[in-house]
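Every number in this text was worked out from the coordinates using simple rules, so none of it is lab data. No experiment lies behind these values; they were computed from the predicted model shown. Here the Cβ positions follow ideal geometry from the backbone for every residue, glycine too, while neighbour counts run over all protein chains shown.
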Amino acid sequence: MLEIVADFKTARVRFRTERAVRLRLKPTRRIHGRRTVNLRQTPALRPHDIIRALVSQITTVGGAAWDAPDASPGLMPALEGGDVLFLPALAFDVAPSELRLFSPDLVGAAKNVSFDPRSGRLGGTSLDGADRACLRDLLARFSVSASALVGRVLPAYRDRFELGRTSFRPVEIAGRASSWRKDDTRLHVDSFPATPVRGKRILRVFSNVNPDARPRTWRLGEDFESVARRFGGLIRVPLPGSALFLRLLRVTKSRRSPFDALMLQLHDRMKADADYQTQTPQLRVDFPAGSTWIAFTDQVSHAAMAGQYQLEQTFLVPLSAMLDEQRSPLRVLERLIGRPLV
């Protein structure tokens with residue numbers, strides 16, 4: 001095994017084998033975290049080949065204002081290609097009066113607080129009175145900020161995306177008891193069991209608001225097409241009529257398309273495969289407190305390993321808004337299956 005450790009601040013990379021090597025990274029693309037590569041599976045891999053593979057997964061974006069970050073024409077192709085856009089200086093401000101809400105007891109048995117910005121409905125918490133109103137205001141403010149950010153950084157999606165739910169995650173991820181299917185510390189791609197998206201993209205904005213300066217730790221896995229090809233022989237298009245049956249039973253809020261069914265199977269196959277979780281190439285990333293990042297989580301293979309107190313905004317983006325919809329999970333799966341899926 002070869003362990004690579006990279007640091008944003010020093011751009012120093014160490015290869016932990018028998019010796020250490022320092023390499024200079026390109027200033028426009030930086031990485032942070034760790035990745036494990038099995039040298040027996042990649043005997044011809046050279047150090048700079050590994051660096052290029054790592055760099056392709058994180059794109060650093062300047063700017064420290066939610067309404068006016070530094071945008072670049074290259075950000076959308078990077079995002080649609082499977083990169084995570086990382087904004088290290090973009091912190092979401094939490095008022096001192098809101099810090100009293102920062103407790104895992106906020107959610108009880110749930111793992112996060114959910115807010116619907118369209119209806120104003122707040123769920124997943126037992127708070128009431130002034131504290132409940134304060135929490136609702138916090139999430140509503142983040143939703144507005146995240147929407148403005150997407151409109152600035154990803155202008156082709158402006159006025160095209162559908163606003164989804166806003167979440168606050170006050171519970172520490174590491175050590176949390178969960179079934180394998182709900183265990184977000186396992187590499188997976190996102191899919192909604194009850195709310196079919198019918199090929200729309202799942203775009204999410206995350207912000208680490210930990211008041212104790214603790215990072216949010218992720219693992220990033222291989223690209224979506226590699227995942228789909230790896231598990232393609234294990235997923236099946238559902239039987240005709242099954243979507244209507246699920247809808248009648250109110251398992252889903254609308255009819256589940258074949259695409260949604262395949263994405264759910266892919267999600268489960270990834271999480272259930274213990275060997276895949278440990279052996280697939282992966283990058284370990286620490287997102288510092290006070291930072292923000294953006295990703296298509298239906299495409300980026302990811303796992304949340306540790307961290308507490310995160311804000312998150314979900315958007316649904318139509319394929320017609322993309323620069324290249326052929327890179328979407330829908331089009332990738334359609335090519336592999338050989339038939340339309342919505």
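Roughly how far apart, in whole Å, are the Cα centres of the stretch 221-298 and the stretch 83-115?
25 Å
Subtract the Cα-Cα distance of Arg331 and Ala130 from 0.36 nm times their separation in residues, and report this length gain in nm to one decimal.
67.7 nm
7 Å from Cα along Cα→Cβ at both Phe245 and Arg176: what's the point-to-point distance in nm?
Going by the 7 Å Cα→Cβ label model, 3.3 nm.
Take the stretch 62-116, drop everything but the C-alpha atoms, weight them equally and run the Debye formula without solvent; then report log10 I(q)/I(0) at 0.16, 0.18 Å⁻¹ to two decimals.
Summing over Cα pairs of the stretch 62-116 leads to -0.78, -0.86.
Enumerate by residue number the chymotrypsin sites (Phe, Trp or Tyr not before Pro) in the stretch 144-180 meeting two conditions: DSSP loop (anything except H, G, I, E, B), and at most 15 other Cβ atoms within 10 Å of the site's Cβ.
Loop-located and lightly packed - Trp180.
Can you pull the one-decimal nm distance between simple spin-label points at Leu319 and Leu163, each 7 Å off the Cα toward Cβ?
Placing both labels 7 Å along Cα→Cβ, they lie 2.7 nm apart.
Where in the stretch 155-172 does the label zone of Arg214 land, with the point 7 angstrom along Cα→C-beta and an amide N cut-off under 17 Å?
What the label zone holds, given the 17 Å backbone N cut-off, is 168-172.
Once fully extended, how much extra length lies between Leu99 and Ala71, figured as 0.36 nm per residue of separation less the alpha-carbon to alpha-carbon distance?
Here the segment from Leu99 to Ala71 would lengthen by 7.0 nm.
Measuring from label point to label point, each 7 Å out along Cα→Cβ, what is the Arg118 to Ala306 span in nm?
According to this spin-label approximation, the distance is 3.9 nm.
Per the Kirkwood treatment, what hydrodynamic radius in Å, one decimal, follows for the stretch 244-342 from the mean inverse distance over all distinct Cα pairs?
For the stretch 244-342, the Kirkwood estimate is 16.5 Å.
Dimensions of the stretch 55-154 along principal axes (Cα, Å, largest first)?
Reported extents, whole Å, longest axis first: 46, 26, 25.
Ordered by residue, what ³J(HN,Hα) values in Hz, to whole numbers, does the stretch 290-302 give under the Karplus form 6.51 cos²θ - 1.76 cosθ + 1.60, where θ = phi - 60° and Gly and Pro are x?
The phi angles translate into x, 10, 9, 8, 10, 7, 7, 7, 7, 10, 7, 6, 8 Hz.
With a Cα-only, solvent-free Debye model of the stretch 93-337, what are the log10 I(q)/I(0) values at q = 0.09, 0.13, 0.16, 0.17 Å⁻¹?
Scattering profile of the stretch 93-337, log10 relative to I(0): -0.40, -0.87, -1.32, -1.47.
Just in the stretch 164-247: which GluC sites (Glu not before Pro) are loop by DSSP and have at most 14 other Cβ atoms within 10 Å?
Glu172
Tabulate in residue order the Karplus-calculated ³J(HN,Hα) for the stretch 228-235, using 6.51 cos²θ - 1.76 cosθ + 1.60 with θ = phi - 60°, rounded to whole Hz; enter x for Gly and Pro.
4, 5, 5, 9, x, x, 10, 10
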